[in-house]
Each structure stands twice: as structure tokens, then as C-alpha cells.
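The block underneath contains the structure these notes are about, expressed in C-alpha cells.
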Amino acid sequence: MPGSRPMAKERETKPDSADSGLGEWTEHLEELRRRIIAVLAVFTAAALPAFAFSEKLAAFLMAPVGNLGVTLYTFNPAEKFLAYLNLAVWTGALFSAPFCLLQIGLFVWPALRGKERRWTLAALLVVPVLFITGSGLSYRFLSPVVMRFFLRFASGDGIQPLWGFREYLGVLYALMLAAGLLLQAPLLLLLSFVLGITTPKRVARFRPHAILLIFLTAALCTPPDLVSQVALGVPLYLLFELTLFIGRFLTGSAA
């Protein structure tokens, strides 16, 4: 019949479009799998040497308590081995975290256009620098303050502190990882400005809310004493204001 030919042709084209869409999803999933494998490879490449040189690495990581007269202990026969294993895992996480963020950016790269690609490329180059800077500052300045507070707090009421080596490394690495990730927030805010997602003027209207969020974050990332919270919260607030200033300059918007 004459009317049956278009219907037959339509039936022929539908499976092709469905196969094409399924093929695109398969390609995306395959690319995601490759990037996950790459992140795991970087994690392994950092974790294995860290375990091999765990004794020297542990000596380096004990610097924040070096001037506090603290002796670290192990409480069971396997604890030092498990502590070194945790040390290797945390080292792998610290070294692979910037690479993981880079892989996420590269995964969404094909969907970006023009200005979005330029700013995303700049962000991908800055992410590892900010992460390493945040972790280094936490190791050098924040961690000694945190450890000193815990030591003074624990020695009250006639109770003497007895710190475990494994627990100390966990707290130290958590502080370093949190600081490295926290320093990415201004970069994300700046990207939202240059990509047109929001504007500095709009964000500035919520400055009181931002200040509250900043100091709540500082309270969560530091011991519950006012000095350490202010020591972290004030630089974060100044960084927020600097991000607004740079955003106004890049977008040409008014204050």
C-alpha cells in the first residue's frame, strides 16, 4: 500500500536514533570509567611509596607536636602497622584529590564553549595550587594550634593525655584535607561570576549570611575555642571579599 512506506521508514529510523543515544551514553560511561581508573592509579602511585617510606613520612608529620612535648603511643601489636597503612591511604587521598578534581573538569570539558572553556582551563590549573597551599598552611599553622588546644584541654582536672599515634595521624590528615578543599570555594565562586551564573552584586546582598556560613565552617574545622575559630574565620572572610573584588573587576559590574 502507498501509505505503508513512510511508516516502514519511520520504524527503520527510530531504532537508529535509539542506538545512537545509547552509544553516546556508553561512550560517556566508558570515558568516566577511564578517568576513575586514572584517579585510582594516581592514588596507588602515591600510597605505595608512602607506605614504603612511612617511617620518614611519620617523622615529618609529627612536626606539629614537636614543640609540645607529646609522646605518641601504640596500644596493640598491630596498631603501628595499621597506622602506617592509614598514613599511606591518607597520603594517596591528598595527592590524588587535585587530580580527581582535574579529571572532573576534563570530563565536562566537551560540553563547554568559548569563554567557559578558557575560564575552566584556568581553574583546572589553579585547583592543584590552591589545594596544596591549603594543605600546607593547615600543616604549618592550623594543626599546631589545634593540637596545642587539645593538649591543654586534656590536661585539666588531673587527667593526663595519652595520645595514640594512629588517631593523631587521622586528625592531622583530616585537617589538611579539609583546608585543601575549603580553599577551592573562592575559585568556584569566581567561576560562577565569569560564567554568568550569578553576579558579585547579587552575592554581596547575602554578605551577612556568608559571614555566618564562614564562621560556622571555621567552628567546624577548628577546636571549640574562640582564638582558633577567629584565626581561620577572618582569613576566609577576607578571601571572600577579595573574590568579590576580583569578580567585579572581571565582569565589569558595579559594587
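Within segment 76-94, the set of residues being aliphatic (A, V, I, L, M) and either in a helix (DSSP H, G or I) or touching an Asp or Glu at 6+ places or on another chain (Cβ under 8 Å) (or both) comprises Leu82, Ala83, Leu85, Leu87, Ala88, Val89, Ala93, Leu94. Counting only helices (runs of 4 or more DSSP H) that sit completely within segment 155-215, those holding 1 or more residues that are touching a Lys or Arg at 6+ places or on another chain (Cβ under 6 Å) correspond to 200-204.
Any chance segment 151-159 includes a residue that's surrounded by 15 or more Cβ atoms within 10 Å (Cβ to Cβ), more than 16 Å from the chain's Cα centre (by Cα) and under 27 Å from Val89 (Cβ atoms)? Checked segment 151-159: at least one residue is surrounded by 15 or more Cβ atoms within 10 Å (Cβ to Cβ), more than 16 Å from the chain's Cα centre (by Cα) and under 27 Å from Val89 (Cβ atoms).
Selection of segment 94-112 for residues being modelled with pLDDT under 85, in contact with a helix residue (DSSP H, G or I) (Cβ under 8 Å, 6 or more places away or on another chain) and of a type in the set (Gly, Ala, Ser) yields Ala97, Gly105.
Against the test of being among the aliphatic types (A, V, I, L, M), within 24 Å of Leu151 (Cβ to Cβ) and modelled with pLDDT under 90, the options Leu72, Leu22 yield a single qualifying residue, Leu72. Kindly indicate whether Thr91 is in contact (Cβ under 8 Å) with a residue 24 or more places away in the chain, under 18 Å from the mean Cα position of the chain (by Cα) and over 25 Å from Ser143 (Cα atoms). So Thr91 does not fit the description; no.
Residue by residue, here is whether (1) surrounded by fewer than 18 Cβ atoms within 10 Å (Cβ to Cβ); (2) under 12 Å from the mean Cα position of the chain (by Cα); (3) outside any helix (DSSP H, G or I); (4) aromatic (Phe, Trp, Tyr) holds:
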residue	(1), (2), (3), (4)
Ser96	no, yes, no, no
Phe99	no, yes, no, yes
Leu102	no, yes, no, no
Gly105	yes, no, no, no
Trp109	yes, no, no, yes
Arg117	yes, no, no, no
Val129	yes, yes, no, no
Ser135	no, yes, no, no
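With respect to (1) touching an Asp or Glu at 6+ places or on another chain (Cβ under 8 Å); (2) outside the structural domain of Met62 (by TED's automatic domain parsing), the lone exception for Gly233 is condition (1).
The values are calculated or read from the model by the stated rules, or taken from the named source; none is laboratory data. This is a predicted model, so every value here is computed, not measured. Backbone-built Cβ (ideal geometry, glycine too); neighbour counts: all protein chains shown.
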